[in-house]
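The values are calculated or read from the model by the stated rules, or taken from the named source; none is laboratory data. Here the structure is a predicted model, which means the values were calculated and not measured. Cβ placement follows ideal geometry from the backbone for every residue including glycine, while neighbour counts extend to all protein chains displayed.
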Amino acid sequence: MYESFFGLISKPFQLSPDPQFFFSSKGHKRALSYLQYGLSQGEGFIVITGDVGTGKTTLMRNLLANVHRENIIAAQLVTTKLDADDLLRMICSSFGLPVEERSKAVLLQQFQDFLRSAHQAHKRVLLVVDEAQNLPASAIEELRMLSNFQLTDAPLLQSFLLGQPELRAIVQAPAMEQFRQRIIASCHLKPLDADEVKEYILWRLSIAGWTQNPQFAESAFSHIYRHTAGVPRRINIFCDRLLLFAFLEEVPEIDESVVNAVADELAEEFSSPTTQRGSVVQAEAPPRQQEIQALEAQCAQLNRHLTELLNEKVELMRLVDGKLKGKLKQLINEK
């Protein structure tokens, strides 16, 4: 809506992860180095954790956008609470292997054959598991077992696990000792500090073709940091709303007053005061807490939407696979 008004070539604060807008903060730069190191090793597990919205998926997409794709076969899946067998089916499906009406033994054999074929073609297979904190211990153990596939001492599968802080607790459990021994590097992403928030905002604006319209007052950045706690996804939501506000109100400069006005709007829109019988209103949460709850609610809604899309894709692949089998049987019978 506001892009053409401000002369922008794209939306600078979109929520969907885009490698073009990847911002290399100190923490993200270190995490990217770990991922690149992991790729160079070609084996084991890399574990990246971080709170909701800290940029784990964007980090991974930036990595995959800059690797030599002709040498790597990569698949990325977003997990829900899957057991070991369902996880294996999703992995096979992600690499384009048929899964309908196949036993686990058959799935394992065809996946091993796929890994060997890739190795013979001088390609490496990389599995990226996002939202890995949703996996039960049995599914993580299944990933470890899949990493045992080797050919002449060369590992055939490498896995990167991305997850929220709960994943760290899962990995540290006593029963996960064998899995921990396969981890060659791990990193925890933290929110941006106050200086990085300013750099992050200006970086994304520059990528989108910003020409100082609207202008950002120096005082605006510290207040944006205060309202978002330095979490990139919250910054995107907040700054997108700032630009919309500046467009609707025809504000030439975003300063402290504009930032606070938008913060108040968000708090009001997403607040849900509880009323008792007799229309007595209970005390509301503090404004700071309201802002956090509002942003987290939007993030949760986006995650649910992405999960639904993934499930629909899996079901569609199963349907297509079933129809292809039926057509093949029909052709065979006609012969």
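Figures for the structure shown
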read-out	value
Residue match in region 146-162 (condition: modelled with pLDDT of 90 or more, buried (at least 17 other Cβ atoms within 10 Å of the Cβ) and farther than 16 Å from Gly44 by Cβ)	no
The listed residue being more than 17 Å from the chain's Cα centre (by Cα), outside the structural domain of Ser159 (by TED's automatic domain parsing) and on the phi > 0 side of the Ramachandran plot, out of Gly96, Gly42, Gly7	Gly7
Yes/no for Phe5 being buried (at least 16 other Cβ atoms within 10 Å of the Cβ) and over 14 Å from Asp130 (Cβ atoms)	no
Among the candidates Arg30, Arg116, residue that is closer than 21 Å to Pro165 by Cβ, touching a residue at least 24 places away in the same chain (Cβ under 8 Å) and out of contact with any helix residue (DSSP H, G or I) (no Cβ under 6 Å at 6 or more places or on another chain)	Arg30
Subset tally (residues that are in a helix (DSSP H, G or I), out of contact with any strand residue (DSSP E or B) (no Cβ under 6 Å at 6 or more places or on another chain), within 20 Å of Ala65 (Cβ to Cβ) and of a type outside the set (Lys, Arg)) for region 1-34	6
Selection from region 235-266 of residues that are buried (at least 20 other Cβ atoms within 10 Å of the Cβ), touching a Pro at 6+ places or on another chain (Cβ under 8 Å) and within 28 Å of Asp51 (Cα to Cα)	Cys239, Leu243, Ala263
Val125 out of contact with any helix residue (DSSP H, G or I) (no Cβ under 6 Å at 6 or more places or on another chain) and not in a loop (DSSP other than H, G, I, E, B)	no
Leu126, sole failed condition from (1) over 20 Å from Glu70 (Cβ atoms); (2) surrounded by 13 or more Cβ atoms within 10 Å (Cβ to Cβ)	(1)
Qualifying residue in region 70-92 (condition: in a loop (DSSP other than H, G, I, E, B) and over 21 Å from Ile170 (Cα atoms))	yes
Test: residue in region 53-67 that is surrounded by 18 or more Cβ atoms within 10 Å (Cβ to Cβ), of a type in the set (Ser, Thr, Tyr), in contact (Cβ under 8 Å) with a residue 12 or more places away in the chain and part of a loop (DSSP other than H, G, I, E, B)	yes
Region 70-85 residues that are basic (Lys, Arg), paired with ones that are crowded, with 16+ Cβ neighbours inside 10 Å and at pLDDT below 85 (beta carbon under 9 Å, 6 or more apart)	none
